[in-house]
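Have a look at the structure below before the remarks.
The values are calculated or read from the model by the stated rules, or taken from the named source; none is laboratory data. Just so it is clear, the model here is predicted, and its values are computed rather than measured. When we count neighbours, we look across all protein chains shown, and the Cβ atoms used for this are built from the backbone with ideal geometry, even at glycine.
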Amino acid sequence: MQARSRDDGGWWISPVIPTVANCALILLWVFSGFGGWGEAAFCADGETRDLRCAGRFDDAIAVSLVPAVVAAVIAVAAWVLPRIRRDDARLDRTLTISALVWVAAEAVLFVGGMLAKA
C-alpha cells in the first residue's frame, strides 16, 4: 500500500487503498442493514424494539439495495474487466465511484432510519 509521486507531477495511489475502503463500506452496509446495527440504532429503546419502526427500516434496506447493487457491480467490474484493471487512472476512478455509491447506499439507510424512527 503506497502513494507516491509520478514523473508527470501527479500522484499514484495503490489500488489497495480504494479497494479496502470499498470493503469497509460493504461491511458497514451489510452490518447496518442485515446485521441489526441500523435497527438497533433507530428502532430500539433499551430492551424494547419498536416493531413499526423495524418494518419501516426494512423498507429503507430494500431501497438501499439499489445503490448497493450498483456499487458492487462497479467494484467487481473494476477488477474483472482488463481494460479498467490495467489502467491505473481508470481503476482508481472506478473504485472511487464505487466507494461514493456505497456512501449513497449508507445515506439511504441513515435517512430511512431517521424517517422510520419519526
Qualifying residues in the range 4-35 (those that are in contact with a strand residue (DSSP E or B) (Cβ under 9 Å, 6 or more places away or on another chain) and surrounded by 11 or more Cβ atoms within 10 Å (Cβ to Cβ)) - the one modelled with the lowest pLDDT: Trp12
Would you check if Ala116 is part of a helix (DSSP H, G or I) and under 17 Å from Pro18 (Cβ atoms)? no
Going by the conditions given, is Asp58 over 25 Å from Ile13 (Cα atoms), of a type in the set (Asp, Glu) and surrounded by fewer than 20 Cβ atoms within 10 Å (Cβ to Cβ)? yes
